[in-house]
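Chemist: Dropping a structure here in structure tokens format, bear with me for questions.
The values are calculated or read from the model by the stated rules, or taken from the named source; none is laboratory data. The structure displayed is predicted, hence computed values, not measured ones. Positions of Cβ are backbone-derived with ideal geometry, glycine not excepted, and every protein chain shown enters the neighbour counts.
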Amino acid sequence: MKKMFLLVLLVVGCVYQGFAQDIDPLAVGVFLAGKGSTNLSKVPSVAKNQTAIENGFVITPLSDFGITGYIPLSQRKNMGVLVDIGLTSYTYSQKPTTDATDDNTIKHKFNYLTIGPSFTASYITFGFNLGLPMGVTRKNGSGTEVSTIDNFPVLDDSGSATVVYSDVKDNLQPILEIRVGAMIPVVKTSMGRLNVFANVGYMMSTMIKSEHYKLSSLKDTSPSLFSASIGVNFLLGLEKPETE
């Protein structure tokens, strides 16, 4: 019985060593990702006999890139804080529900400088993304740039309709996005590690200030997006990896 117990301990020890993993050290590197996103906010209502508008999902093959860093929080498990700093874009489309063409399909693209800290453990990541607006463009389905200036027919004191103009570029605001995802190592070397990651994001804020909308009924149409991204990062180790 004693010999059997020792044999079991030996087997368990061998299995444990076989599954032992390197603990990811402090590291810094770069990331690159593509993204698909869509607007979850309401679309402007239309008058009777006018064609309704719908939001669409748009995939951008290269939407996010920048630098990334990893700070370990444990000496026994792969738990840490991941911080991304980079340029990020979000795109969605709007088109008529009927008779949609390239000319009347408009793609809205918003660009941000983002800071995205997240907690990572056992390949799962959870965090948020704070974005500072860098610009916005609108293009039709043919790729021709269209105006970012919206017009609003506002009634004056006499009851006459006066057209008021407002440029989206002048009314962008910071965004806050909650992100959940996974990061899986593909290659690990003594120099660093290559990871594949995926995230889904949900904006807790809108992208355009309410001051832009000269009609109160349109304030609920300020875009707030859902997104899904996939990408890669390479982290250059700044310390020698420890083994669990």
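Condition check ((1) β-branched (V, I, T); (2) closer than 24 Å to V30 by Cβ; (3) touching a residue at least 24 places away in the same chain (Cβ under 8 Å)) across all residues:
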residue	(1), (2), (3)
A121	no, yes, yes
P133	no, yes, yes
N151	no, no, no
Y213	no, no, yes
T221	yes, no, yes
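A quick yes/no check of all residues on (1) in contact (Cβ under 8 Å) with a residue 60 or more places away in the chain; (2) under 23 Å from S166 (Cα atoms); (3) surrounded by 19 or more Cβ atoms within 10 Å (Cβ to Cβ):
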position	(1), (2), (3)
V81	no, no, no
L87	no, no, no
D102	no, no, no
K109	no, yes, no
T114	no, no, yes
F126	no, no, no
N129	yes, no, yes
N140	no, yes, no
T148	no, yes, no
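Chemist: If you don't mind, there's one more thing I want to ask. Got at least one residue in segment 179-190 being at pLDDT 95 or above, within 30 Å of I53 (Cα to Cα) and part of a loop (DSSP other than H, G, I, E, B)?
Modeler: no
Chemist: Quick one: is K139 closer than 20 Å to N55 by Cβ, of a type in the set (K, R), touching a Ser or Thr at 6+ places or on another chain (Cβ under 9 Å) and assigned to a strand (DSSP E or B)?
Modeler: It is false that K139 is closer than 20 Å to N55 by Cβ, of a type in the set (K, R), touching a Ser or Thr at 6+ places or on another chain (Cβ under 9 Å) and assigned to a strand (DSSP E or B).
Chemist: Report, ordered by the first and then the second residue, all pairs with beta carbons closer than 7 Å, sequence separation of six or more or different chains, a first member in segment 159-187 that is more than 28 Å from F128 (Cα to Cα), and a second member that is acidic (D, E) and assigned to a strand (DSSP E or B).
Modeler: Going by the 7 Å Cβ cut-off, the qualifying pairs are S166/D150.
Chemist: Among the residues of segment 176-204, write down those that are under 13 Å from the mean Cα position of the chain (by Cα) and either of a type in the set (K, R) or more than 16 Å from A228 (Cα to Cα) (or both).
Modeler: R179
Chemist: Continuing with this model, one more query. Any residue in segment 16-38 that is charged (D, E, K, R), at pLDDT below 95 and more than 19 Å from F110 (Cβ to Cβ)?
Modeler: There is at least one residue in segment 16-38 that is charged (D, E, K, R), at pLDDT below 95 and more than 19 Å from F110 (Cβ to Cβ).
A quick yes/no check of all residues on (1) more than 30 Å from N78 (Cβ to Cβ); (2) in contact with a strand residue (DSSP E or B) (Cβ under 9 Å, 6 or more places away or on another chain):
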site: T98; (1), (2): yes, no
site: K109; (1), (2): yes, yes
site: P117; (1), (2): no, yes
site: T125; (1), (2): no, yes
site: F128; (1), (2): no, yes
site: D150; (1), (2): yes, yes
site: S160; (1), (2): yes, no
site: D167; (1), (2): yes, yes
site: I178; (1), (2): no, yes
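Chemist: Which ones in segment 216-230 are surrounded by fewer than 19 Cβ atoms within 10 Å (Cβ to Cβ) and in a strand (DSSP E or B)?
Modeler: Those that are surrounded by fewer than 19 Cβ atoms within 10 Å (Cβ to Cβ) and in a strand (DSSP E or B): F226, A228, I230.
Chemist: Let me ask something else. What is the residue count in segment 196-215 for residues that are of a type outside the set (A, V, I, L, M, F, W, C), buried (at least 17 other Cβ atoms within 10 Å of the Cβ) and under 17 Å from S63 (Cβ atoms)?
Modeler: Result for segment 196-215: 2.
Chemist: Please work out which one of (1) more than 23 Å from D84 (Cβ to Cβ); (2) touching a Leu at 6+ places or on another chain (Cβ under 6 Å) is the condition N140 fails and give its number.
Modeler: Every listed condition holds for N140 apart from (2).
Chemist: Sort out which residues of segment 56-98 are closer than 18 Å to V28 by Cα, in a strand (DSSP E or B) and not hydrophobic (A, V, I, L, M, F, W, C), and write them in order of number.
Modeler: Within segment 56-98, D64, G66, T68, G69, Y70, P72, G80, D84, G86 qualify.
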